[in-house]
1. Of (1) crowded, with 17+ Cβ neighbours inside 10 Å; (2) within 14 Å of chain B (Cβ to nearest Cβ); (3) touching a residue at least 12 places away in the same chain (Cβ under 8 Å), A:Val225 satisfies all except one. Which?
2. Check the range A:443-464 and report whether any residue there is closer than 21 Å to A:Tyr256 by Cα and in a loop (DSSP other than H, G, I, E, B).
3. If you scan the range A:274-286, which residues turn out to be more than 8 Å from every other protein chain (Cβ to nearest Cβ) and in a loop (DSSP other than H, G, I, E, B)?
4. Looking at the range B:97-114, which of the residues that are in a loop (DSSP other than H, G, I, E, B) and either within 8 Å of chain A (Cβ to nearest Cβ) or modelled with pLDDT of 95 or more (or both) is nearest to A:Lys96 (Cα to Cα)?
5. With the structure loaded, tell me whether A:Glu326 is acidic (Asp, Glu), exposed (fewer than 15 other Cβ atoms within 10 Å of the Cβ) and farther than 22 Å from A:Ala354 by Cβ or whether it fails that test.
6. Does A:Thr98 count as in the same structural domain as A:Asp179 (by TED's automatic domain parsing) and surrounded by fewer than 21 Cβ atoms within 10 Å (Cβ to Cβ)?
7. Could you identify the single residue in A:Thr6, A:Thr59 that is under 35 Å from the mean Cα position of the chain (by Cα) and within 14 Å of chain B (Cβ to nearest Cβ)?
8. Kindly indicate which of A:Leu151, A:Leu191, A:Leu159 is touching a helix residue (DSSP H, G or I) at 6+ places or on another chain (Cβ under 8 Å), buried (at least 20 other Cβ atoms within 10 Å of the Cβ) and not assigned by TED's automatic domain parsing to the domain that holds A:Val90.
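The values are calculated or read from the model by the stated rules, or taken from the named source; none is laboratory data. It should be emphasised that the depicted structure is a prediction, and the values quoted were computed from it without experimental measurement. Using ideal geometry, Cβ is built from the backbone for each residue, glycine included, and neighbour counts are taken over all protein chains shown.
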Amino acid sequence: MVPKLTLTPPHEAENQIELSLRQSFESLQPSLKPPFSLTIPNPDEYAHLNRAILHAILTEPQFAKIHVKHLHALVTDGYAFFTNLLLKIVHHLYPKLTGSVKNQLLWITDEVVRVSAIGYDALLVFLMRQIVGGDFSDGNLWLCTKLLTLLLDKWDCLLEEAPHVLCSALYVFLRVLADHCRLNVEKLESLKRLEVHFCVKIVREEFHLCLKIGRDFIRLLQDLVHVPEFKSIWKDLMLNPSRFNTLGFEGVSQIYCTRTSSRYALLRITPEMETQLRFLLTHVKLGHQKRHFMWFARKFLSEIDKETVIVDIVRFICCAHHPPNEIIQSDVVPRWAVIGWLLTSCRRKNYVEANVKLALFYDWLFFDERVDNIMNIEPAILLMVHSVPKYVDMTNTLLEFLLLLVDNYDMERKDIIVKGVSSAFRLLVSKGVIHSLDVLTSCPALSPPLKERLSRLLSCGKLGSSKGFMPALSGEYIASSAHISRPLSYKFNCITRSARETNGVISAKVMYQTILPSYNTNFPNHGLS
Amino acid sequence: MVALKDIVPAAQNNIDTKFIVLEKGRTTLEGQNKMCLALVADETAAVHFQLWQDECDYFESGDIIYLTNGIFSYQRGNLILRAGKRGKLEKIGEFTMSYVETPNMSEIRWIPDPNNSKMYIQEHVISPHSRIFAPIL
């Protein structure tokens, strides 16, 4: 009986990739032992042998070293075919692989990186995508540890040959670390230390890699300011950009203005989740989405800790899933409706909800028509506008959050944010995503102070400068919105800074506050019934 | 492979089809036999499906199943699709399949074809949706 790669339950069809590896292994098993044949295989035989050897490596740990030697002796394509097989296994089968096969998979990955196989960079990135957000199971933590160890071990080589792998890893582990820091469990301690060490090493030693990520680097970093190592990084970012010794880096606004490539959003979504989300957003009709929503939630959001992945899903939907016009004009579930549903799914933890909203609006804050994509900001406006008739609480909550971000996200760079948000609104109207902003500014169900704030923001945007912008004091604002019949409590976790320029020397007082407002609205069935 | 809208009651194990499980009812025991009625569907129609013995435990709503040599026939007055003794069920995926809940092939009254007494033809629709599993809207 040939050992299996996956734990396939009865009544489940065998995966095609697994089947092809197993068939090659079964037919070539006798020739996988020394002495190895010296004849040069033709292309079909070569592929056949690669599949057989891979299966052998994964299922026969005791002979793995022999099989790898065989592979090294055989290879004529820079390991491209072999690595491609590994990519397929990771992408399609990883969650189903047995523990022992996973172990072997990480072992052979190490070897593949050591020989600089063609495609090893993609393999590392594919493995990182298998780290499940908010999953504290041993298997998931094991994968984090294994990958971090490998990345640190191969640091110099990666830095030279594949720096983008380190950028991806930084994105992944900053995000994963935020989850890990929320839980105080003994078994997480050493992993947390490793994650902090890895992230800090990149930020302090190779800051140019952080610049490559762009603004989402700040979004992730801000979730970690309560960790001492990151607190000092944050201070330097805000006050001493020269500390990073990076030529051309002048300050955090530079990062704000760099749009993050959509491939980063994919990094925190497992391939399985991506498949289901894309199916939802291309095939499922509005009005018939309930069962699919239920199945998705059952699979990916059922455990309370996993809720934080909603932040990543919203980022994925805004930045990485841009449907073509045929879909936009069809009766398929639109992106804003999925986001509305997700927002109502995270009632249990206020910080998740606030982070989800931040993910939704993040590109608004620094929007620049020249570098940004209107599709990244489209879901938020449509969600606000479409919620007006039946779910105006949603509109209120979102608009309130957006205006709160304008005032408080970064007080020192408020001009950038005012410009970003107002030009986002303007472009959405001029491109016809919505006909006019009257639907918000003249909406009777929205709170008058909110509408007033919005109008002021829009008019100051029109002047093309922030000079005429009169910031409302947040205290006054909170008081004035007290008539909105729900409790508001603000627990902000963002950095505000008051700086004073004296004779060209910046003396600044840095205040750390956490800006994550928590709302408690009754919003049980968002717009989808 | 046949679409669900084209299945016709017959005493033959010859239906090859693919569907997604929308909902499972409660599992019941009759003597040694475990049974569970489910609502399944494809892009063309829905139908009631009977899971049998360990099938009741292995399949969940959202599963995409390939049925080979299934049978669509009356059991105690209820028209159901099932694998039967000679048929086979295999999970081939999950989630990624569109479906409709109407027509429901189990909620149609069939009568013998006047031209061919061995065949059934549709007489009328009893209910557009399953009367056992209400549609979730």
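1. For A:Val225, the exception is condition (2).
2. Checked the range A:443-464: at least one residue is closer than 21 Å to A:Tyr256 by Cα and in a loop (DSSP other than H, G, I, E, B).
3. Correct list: A:Leu286 only.
4. Here the answer is B:Met97.
5. It is true that A:Glu326 is acidic (Asp, Glu), exposed (fewer than 15 other Cβ atoms within 10 Å of the Cβ) and farther than 22 Å from A:Ala354 by Cβ.
6. no
7. Matching residue, one of A:Thr6, A:Thr59: A:Thr6.
8. Residue meeting the stated conditions: A:Leu151.
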